[in-house]
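The values are calculated or read from the model by the stated rules, or taken from the named source; none is laboratory data. Since we're looking at a predicted model, the values are computed, not measured. Reconstructed Cβ throughout: ideal geometry from the backbone, glycine too, with neighbour counts over all protein chains shown.
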């Protein structure tokens, strides 16, 4: 049977010694959607990204990409299958220029790759910085560079790990606009973010993780009304206080 | 320098290329203009160090894998070549196993060690090199701790030109691979962030293995040539950790991870070593200078001598430079 999801994690469990980072998490990224993955710090979002992209091998469970079981595959093979990602802590190739950062991903002829790299730098407003060393960029431009670099291989699915963190308001709009444009080009996107404005702005569906488990799923407005989600973010006492003073769990 | 400037004003080629041509022509005519064989021997050894430093730079500087195993590959190449020549092999056929054996061994050693990072990789390769040295001290085939003589098969001038030819071939190949092909960029990407490189579709383990094997093969070839040139091998000289230490210091002094770094660092360190040897007539004072140079480069000139010419001035932020080096090793 054809798998409807581009990337699917089935019953993923990830243990680090005695710590259970993910417990039977099932998660999918469907064609053409922007799905948000949220949760408090330490809830397992980045671990899930690492499992889906082959950086970590799950203790149990299965990962499929475009219908093929890729559990245990090395990240470069998963990347070549059409999955790109960015990192929670920006991961530039520091001692390389901005242009070289993109050229690392060159898979076609040099001329073709160079022209793609230049056009991406242009789109991301990085063309003026193409000869700068990546280590000299501020965090906002590093986020843009990572996005542009992830697009070099033209992936069908992109996993963005906190793409808005450390980005100043002036660049934020540009960055969100780029995420929308990537979506408009037909790519499926999964975004991890703590910035709820960004999640509300770009995501059609949101999945909430807490302590390694999926606790809610739905539209942004649905999940933020969900008492479990409020508990996860604020703790049970805070919810009791909120419900007694404001008279509702949402907002 | 004057010659380079004079020519570059008159010819439609860049200063860099003119400098290369002037240096190569100078190296070619050296045996004819040198006042004695002493200078030819110095030239032979210096050329060897430049090539060796570049072989370490590829794995240590470009790929960021701090390998202390390079002396083992150098020594193994030396012993393989020497043993074959002692068994009556001709020079050229004996050079091939001096390249192949270290390369194969690097493949075997690389499988478990290239999974390690930073200091762990450095320790594993150091342990391997020390194992090889200790083994060479006790087995019969190498002559154990009495060392072994190598039959003199080439005169000074011939071995000089062979060393020069091999070094030019290697440096040309290194330039092509590291600065013009995607290979060099991939190595630098792996050095800076291997997971990010993987996520861009680069098979990092395979690429690291290629660099490790190539650098071992190059060290082996120059080890083979060294044995034929020096005509006496001892585990404490041909397999000494000092060999890799010099490659590291030459590279760092010139500029780690840059093509020009070892080309500048090797002659500078070599000159210091020889001058001190003449002045103090021992090798201990030289070790003090090496130590002092490492400290100065690490604390004040992280980009080496070539960094000064690229406009990166020495920094008076030693702690910041030390932190960056620690980060580099921790990766």
Residue among B:145, B:237 that is modelled with pLDDT under 95, touching a helix residue (DSSP H, G or I) at 6+ places or on another chain (Cβ under 6 Å) and surrounded by fewer than 16 Cβ atoms within 10 Å (Cβ to Cβ) | B:145
All-but-one check, residue A:197 against (1) without any contact (Cβ under 8 Å) to a residue 60 or more places away in the chain; (2) more than 25 Å from residue A:43 (Cβ to Cβ), failing number (2)
Output the number of residues of the stretch B:177-233 satisfying the condition of being over 15 Å from residue B:96 (Cα atoms) and touching a strand residue (DSSP E or B) at 6+ places or on another chain (Cβ under 6 Å).
-> 3
Among the residues of the stretch A:148-163, how many are away from chain B (no Cβ under 13 Å) and closer than 19 Å to residue B:193 by Cβ?
-> 2
Inter-residue pairs, beta-carbon under 6 Å, first more than 12 Å from chain B (Cβ to nearest Cβ) and in the stretch A:95-120, second buried (at least 20 other Cβ atoms within 10 Å of the Cβ) and part of a loop (DSSP other than H, G, I, E, B), 6+ apart | A:98/A:126
Considering each residue of the stretch A:79-91, count those that are more than 7 Å from every other protein chain (Cβ to nearest Cβ) and surrounded by fewer than 23 Cβ atoms within 10 Å (Cβ to Cβ), and give that number.
-> 4
Those residues of the stretch B:246-276 which are in a loop (DSSP other than H, G, I, E, B) and within 10 Å of residue B:304 (Cβ to Cβ), in sequence order = B:255, B:256, B:257, B:258
So which helices (runs of 4 or more DSSP H) stay within the stretch B:136-213 end to end and still have 1 or more residues that are more than 14 Å from chain A (Cβ to nearest Cβ)?
-> B:156-175
Residues in the stretch A:105-118: is at least one assigned by TED's automatic domain parsing to the domain that holds residue A:165 and at positive phi?
-> no
Scanning the stretch B:274-331 residue by residue, those within 18 Å of residue B:247 (Cβ to Cβ) and modelled with pLDDT under 75 turn out to be B:283, B:325, B:328, B:329
Taking the stretch B:151-168 and keeping only residues that are more than 18 Å from residue B:24 (Cα to Cα) and modelled with pLDDT of 95 or more, one is left with none
Does residue A:6 meet the test of being touching a residue at least 24 places away in the same chain (Cβ under 8 Å), under 20 Å from residue A:217 (Cβ atoms) and crowded, with 23+ Cβ neighbours inside 10 Å?
-> yes
Just wondering, is there one or more residues in the stretch A:144-156 that are at pLDDT below 95 and under 30 Å from residue A:18 (Cβ atoms)?
-> no
Check whether at least one residue in the stretch A:66-76 is at the interface with chain B (Cβ under 10 Å from one of its Cβ atoms), within 20 Å of residue A:187 (Cβ to Cβ) and surrounded by 24 or more Cβ atoms within 10 Å (Cβ to Cβ), and report yes or no.
-> yes
Among (1) more than 19 Å from the chain's Cα centre (by Cα); (2) in a loop (DSSP other than H, G, I, E, B), where does residue B:94 come up short?
-> (2)
Residue A:36 vs (1) more than 14 Å from residue A:161 (Cβ to Cβ); (2) in contact with a helix residue (DSSP H, G or I) (Cβ under 6 Å, 6 or more places away or on another chain); (3) away from chain B (no Cβ under 14 Å): all pass except (1)
Out of curiosity, is residue A:145 in contact (Cβ under 8 Å) with a residue 40 or more places away in the chain and more than 13 Å from chain B (Cβ to nearest Cβ)?
-> no
Please determine, by comparing only the residues of the stretch B:110-132 that are touching a helix residue (DSSP H, G or I) at 6+ places or on another chain (Cβ under 6 Å) and in contact (Cβ under 8 Å) with a residue 60 or more places away in the chain, which one is surrounded by the most Cβ atoms within 10 Å (Cβ to Cβ).
-> B:129
Scan the stretch A:126-135 for residues that are out of contact with any strand residue (DSSP E or B) (no Cβ under 7 Å at 6 or more places or on another chain), away from chain B (no Cβ under 12 Å) and surrounded by fewer than 14 Cβ atoms within 10 Å (Cβ to Cβ) and jot them down.
-> A:128
